[in-house]
Amino acid sequence: MFVTIDGRNPSPALLAQMSTAAILAQAGSGFVPDDPNKGFLAVVKPFTISPFGTATGTINLICGNLCGTGYAFVLRLKDGRWSVVSQELRWMA
């Protein structure tokens, strides 16, 4: 999986942290959409955090030039941890 966050590559520290959680991620700039063996690109947009302990945001998964899906998420903060309350498919190509 390749990852961008708000249009930029994640920091090496974040990529290392993801690998400790068994998430094999690489910088999004290495994604080649025409190569089906390269996996997919996760495009994470900034989440908006409310004062009520919820956050909303989108993640788009791109698998090629005309291939992908986009999701909207709602998260809730409880006991110091964020968890997914809902996810909704927004688009598919």
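One table, with the values for the structure above:
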{"quantity": "Per-residue Cβ neighbour rank within 10 angstrom, fewest leading, Trp91, Trp82", "calculated": "Trp91, Trp82"}
{"quantity": "Cβ-based net charge around Val44, under 15 Å, with every Lys or Arg adding one and every Asp or Glu removing one", "calculated": "+2"}
{"quantity": "Fully extended contour minus Cα-Cα distance, from Asp79 to Asp6, at 0.36 nm per residue", "calculated": "23.6 nm"}
{"quantity": "Radius, Kirkwood style, for segment 2-92 when every pair of distinct Cα atoms is counted (Å)", "calculated": "14.3 Å"}
{"quantity": "Cβ-based charge dipole, the chain, positive-most Cα from Asn37, Ala55, Ala16", "calculated": "Ala55"}
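None of the figures in this text is laboratory data; all of them are computed from the coordinates on show. None of the values given here were measured: they were computed from a predicted structure. Don't worry about glycine lacking a Cβ; one is built from the backbone with ideal geometry, like all the others, and counts go over all protein chains shown.
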